[in-house]
Structure formats: C-alpha cells, structure tokens
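The values are calculated or read from the model by the stated rules, or taken from the named source; none is laboratory data. What you see is a predicted model, and the numbers here were worked out from it, not measured in a lab. Neighbour counts run over all protein chains shown; Cβ positions are idealised from the backbone, glycine included.
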Amino acid sequence: MRYDPMSPTTLDMFADAEPEQQPRRERIGEQSYVLRGFALPWLEQLLPELEAVLAAAPFRQMVTPGGFTMSVALSSCGTWGWTTDRSGYRYTRHDPQTGQPWPKMPQVFFELAQAAAREAGFADFVPDSCLINRYIPGAKMSLHQDKDEGSYAAPIVSVSLGLPATFLFGGFERGDKSQRIGLLHGDIVVWGGVDRLRYHGVLPIKEGYHPRLGGQRINFTFRTAG
Ligand SMILES: O=C(O)CCC(=O)C(=O)O
C-alpha cells in the first residue's frame, strides 16, 4: 500500500526506511528527557496496530469548551480516551462518535511507553490511555498543562512520528519562557515528577512529506488517566 495524499491516515508500510538517528538521551528538565530515535526500532510493529486502532476509532476534529474546532485531529486507545466538547475536557471509556469502548491499547504501544518511561527514570509506568494526535501542515497545539488525569504521579510519554515538529516545553505558568525543541520521526519526550505540570505545546507544522507517513505528523501521548 503506497501513501495516498488524499488520505493522510493511509500509512506507507513499505517505503524505504529513512536514515536513522543515533539513539541518545537529552535532558530538558529536572525529570524530563527527549529520547532521540527511541521509537524507530518499534516502528514496524507500531504502524499496523495504529491502522487497526484508527479503523475502529477514526480521527476526528473535536470542539473545545470555548467553541473552537481543534486543528489537530484526535483518536484514542486504551481504557480511557481524552475528549473535548462544549461541556468540557474529560476522559471517557467510550468513543463518543461510535458509542463503543475505545479500542484496546495494543501491547506494543504499552511496551514502548513503558520502555521509554523506564529510560527516563520512571520505572513503573502503567499507561491506561493513549491519545493519538494527527497534525497536518498548519495544525498546532497551544500551550497547555495536562490536568485532567486523576493523579499526577505518573509521567507523560509523547511519541513523535512523521513530519518534524517544534515542541514547546515551558514552565509552570503560561507566560513562562518555553524551550523550543525540534522533534523528528521516532523521538520521544518524557516528563514527570517535579516537571509533570509543565506547560507544553506544538508550533504549526510546516509543509512537508515524510517517506513513511506522508504529509502528516502523528503523536501518541500516553498517560495514566484513571
Ligand atoms: O503532539 C505533541 O507532541 C504534544 C501533544 C500534547 O501536548 C497533548 O496531547 O497534550
């Protein structure tokens, strides 16, 4: 199956692999790291599972409580899926679009999230939610804190695939200065502990074409929500 530009969720499983980055760990906060290229060895297992999740829970653009349609399209897997509508932000057990439980989190997703958390010093991460964000060029995510989870004890593990992004990693107030961190296909950001409530966001994605994922960036955000 080749990448179809009319269908940005169609994944090209057979394109030549791009040159791989050297794996390395960069510290961006007291308990925060970028794990360069960490997801690359998992890719061949991740992409077919992603397609299966999206077949059951397709991407959709959700509306914020303020009435704005998000530029990023969302799906989820795991026990809990993050959703937003006019009545607020929350986690639900069911996909509001289909009425079905969110698709089960594929084992390989769970194992990747655990391995990345361990590499960043969080030994016992048990994610029960994987938000799947799809960015097409121009899509962005404004600075925000992740505060809808029942506890902030667990870290956040955020996997980047496809087009590059500039990740903003800020402080504990919206107005604090943010670091601008370039993220490439296969990079993972992990933050938790004293850094768990840091503001973060993504600048508008630039036009481009990725050999495996086409004209889009996919992000998996793993959290313990329940
Ligand atoms: O796409 C990303 O890298 C970040 C996603 C994010 O911040 C979120 O889903 O809360």
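What the table below lists for this structure:
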read-out	value
Subset of segment 118-142 (residues that are in contact (Cβ under 8 Å) with a residue 60 or more places away in the chain and of a type in the set (D, E, K, R))	GLU119, ASP128, ARG134, LYS140
Identity of the residue in segment 135-151, more than 9 Å from the ligand (Cβ to nearest atom) and hydroxyl-bearing (Ser, Thr, Tyr), that ends up surrounded by the fewest Cβ atoms within 10 Å (Cβ to Cβ)	SER151
Cβ-Cβ under 8 Å pairs, at least 6 apart or on other chains, segment 178-204 side free of Cβ contacts under 8 Å to residues at least 60 places away in the same chain and over 15 Å from PRO164 (Cβ atoms), far side more than 12 Å from the ligand (Cβ to nearest atom) and among the basic types (Lys, Arg)	TYR199/ARG174
Count of segment 175-191 residues which are of a type in the set (D, E, K, R) and surrounded by 14 or more Cβ atoms within 10 Å (Cβ to Cβ)	1
Leading residue by the ranking (farthest from PHE38 (Cα to Cα)) among those in segment 152-171 that are free of Cβ contacts under 8 Å to residues at least 60 places away in the same chain, surrounded by fewer than 22 Cβ atoms within 10 Å (Cβ to Cβ) and of a type in the set (Gly, Ala, Ser)	GLY171
Of the criteria (1) among the hydrophobic types (A, V, I, L, M, F, W, C); (2) in contact with a strand residue (DSSP E or B) (Cβ under 8 Å, 6 or more places away or on another chain); (3) modelled with pLDDT under 95, which one ALA17 fails	(2)
Selected residue (only one of ALA73, ALA55 is hydrophobic (A, V, I, L, M, F, W, C) and away from the ligand (no atom under 16 Å from the Cβ))	ALA55
Residues being more than 10 Å from the ligand (Cβ to nearest atom), surrounded by 14 or more Cβ atoms within 10 Å (Cβ to Cβ) and among the basic types (Lys, Arg) - total across segment 192-226	3
Test: residue in segment 181-191 that is farther than 21 Å from ALA116 by Cα and more than 12 Å from the ligand (Cβ to nearest atom)	no
Lone qualifier among GLN61, GLN100 - being within 16 Å of the ligand (Cβ to nearest atom), at pLDDT 95 or above and exposed (fewer than 13 other Cβ atoms within 10 Å of the Cβ)	GLN61
Test result for ARG2, of a type in the set (Lys, Arg) and modelled with pLDDT under 95	yes
1 or more residues under 15 Å from GLU51 (Cα atoms) and either touching a residue at least 24 places away in the same chain (Cβ under 8 Å) or β-branched (Val, Ile, Thr) (or both): qualifying strands (runs of 3 or more DSSP E) within segment 67-112	69-78
